[in-house]
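See structure below.
The values are calculated or read from the model by the stated rules, or taken from the named source; none is laboratory data. Everything quoted here is computed from the prediction, not taken from an experiment. When we count neighbours, we look across all protein chains shown, and the Cβ atoms used for this are built from the backbone with ideal geometry, even at glycine. Quick note on the areas: whole protein, heavy atoms, side chains included, nothing else; ligands and nucleic acids left out. Shrake-Rupley method; radii C 1.70, N 1.55, O 1.52, S 1.80 Å.
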Amino acid sequence: MILLINPPLVKPSEPPPGLARLYGTLRAEGVECEAIDANIEGILYLLGKGSPACDSWTARAVRNRARNLEFIRSPQSRLNLDRYKRTVSDLNRLLGKSADSIGQARLTLSNYQDLALSPVRSADLLKAAEKYEANPFYEYFSKRISSAIELISPGVIGISLNFLSQALTAFSMIGFIRARYGRIRLVLGGSLVTSWVRGPGLKQPFEGLIDLVVSGPGEQVLLDLAGIDRIAKRRFSYVPFPANDYLSPGPIVSYSASCGCWWNRCSFCPEKAEGIRYEPVPPKEAVLEARELCSAHRPALIHFVDSAMSPALLSRLAENPPGAPWYGFARMTKRLADEDFCRALKAGGCVMLKLGVESGDQSVLDLEGKGMELGLASRILASLKKSGIGTYVYLLFGAPSESEAEARNTLDFTVRHAALIDFLNLAVFNMPVNSPDAKRLATSPHYEGDLSLYTGFRHPKGWDRAKVRHFLESEFKRRPAIAAVLSNDPPLFTSNHAPFFVG
Ligand code: SF4
């Protein structure tokens, strides 16, 4: 028996796709396994505990807890963005206050930070494992993991670690299991662990604490442990997850039709730097699987979690709708400038596309390997708007090829297209530690930690992070047209809830 666990904390909007794929694949191969989403369970546990603090905001959040949970899970929350924002803010307050008296943790609905421990320092992860009782989720996970172990007696426990915000609690759970149930084999995998293994930092992958550290998809490793040679087919299953508990205006299921990115040429991309190979599921098969998930779970939304949905997959979805509204990341390719195609996508359920525009300066796009013409981007934004498909546009500032002049071109581009953009994400460039630019430019440690995936660097044009941040805060975000777009963003849940607010 294998027990799979998704540790807190990530946005509790939907069940974890990585675990759904592991569980579905193992079950399809006849392997006995169970899965726990300790993220949603742990967050609800803390929200249910109330708070000792008695300031008026917290008292209101405690008083309205049940009503707020009901509201955020109801379709009505889509109709009232102001009330939705107040509800999220109150639930977030409650979660933050629930951990106030425990250790140095600072919790929000989208992040876990510890003032004393860093998730990118392996020594701190080992400390989190050693002092597992100090974790704010300890009361929840000690009871939950113990009762699961007593019930199903797993021989293997697999922990799926995908985000930095999960790392300290994942290691606290590992420390607890190791201390109490030393005979159980512990396997650690997930996309963050894969990045660590492929990066330069992880020399001795937690020897003595974890039995097996997995790089890449974990299905075959777990099947090997169960004595099965080859995967017949990867499958998703959301059966073990509490569909109605997630904090979203309707149930969401995620599906991934590929591993890696079909473009794989952007110089700033961590996936490219890690050399992740592109492995797509054939579009016909992917759409069939998405349809099966829709029939089984009747979601309000499908989240395609591919790094970039391929043009072939988009065409297939336009011809064969999956049966529920959907959204995902897409590259700005020519077909999206075709209004007829966009109308077919919309008719097939596409509610929103996430688009990496990155810069409003052609020279930056060219030098960073983006492979996109700004004229085409304009036509695509117009075509999607006319078709009623929402856009979540990602911009990146401070790349090595950008100076203030180019950033100002991005400002002008964004203002000119603001009426065509529904949501905006503004990011400051991080240099992937393995990227070609990191080898070319003068670098210095950026985050203090041996597991950091990024490195500091001396910007060749003097356009450093402090200047970029100042520009964004003092100018970019203050332009009225841009401020209006930014105010559409669902707080904390951002793009995970944005499709519910399109139109
Ligand atoms: S399109 Fe996105 S995922 Fe693909 S290489 Fe560029 S940044 Fe990376």
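Quick notes
- Residues within region 261-273 that are more than 8 Å from the ligand (Cβ to nearest atom) and in contact with a strand residue (DSSP E or B) (Cβ under 8 Å, 6 or more places away or on another chain), tallied: 1
- Within region 262-274, the set of residues being modelled with pLDDT under 90 and within 20 Å of the chain's Cα centre (by Cα) comprises Phe268, Cys269, Pro270, Glu271, Lys272, Ala273, Glu274.
- Test: residue in region 305-324 that is within 20 Å of the chain's Cα centre (by Cα), closer than 29 Å to Gln76 by Cα and more than 13 Å from the ligand (Cβ to nearest atom): no
- Every listed requirement among (1) within 29 Å of Asp82 (Cβ to Cβ); (2) assigned to a strand (DSSP E or B) is met by Val485 save one, (2).
- On the stretch given as region 150-174, residues that are farther than 17 Å from Asp37 by Cβ and surrounded by fewer than 24 Cβ atoms within 10 Å (Cβ to Cβ) total 5.
- The residue that is farthest from Glu70 (Cα to Cα), counting only those in region 245-261 that are open to solvent by 40 Å² or more (accessible area, probe 1.4 Å) and at pLDDT 95 or above, is Pro251.
- Residue under evaluation Ser237, criteria (1) within 16 Å of the ligand (Cβ to nearest atom); (2) open to solvent by 10 Å² or more (accessible area, probe 1.4 Å), criterion not met: (1)
- Enumeration of residues in region 467-503 that are open to solvent by 70 Å² or more (accessible area, probe 1.4 Å) and not basic (Lys, Arg): His470, Glu473, Pro480, Gly503
- All helices (runs of 4 or more DSSP H) inside region 43-104 with 3 or more residues being touching a residue at least 12 places away in the same chain (Cβ under 8 Å), farther than 19 Å from Ala134 by Cα and aliphatic (A, V, I, L, M): 81-98
- Long-range neighbours under 6 Å by Cβ, at least six apart or interchain, first residue without any contact (Cβ under 8 Å) to a residue 40 or more places away in the chain within region 256-279, second aliphatic (A, V, I, L, M) and near the ligand (Cβ under 9 Å from one of its atoms): none
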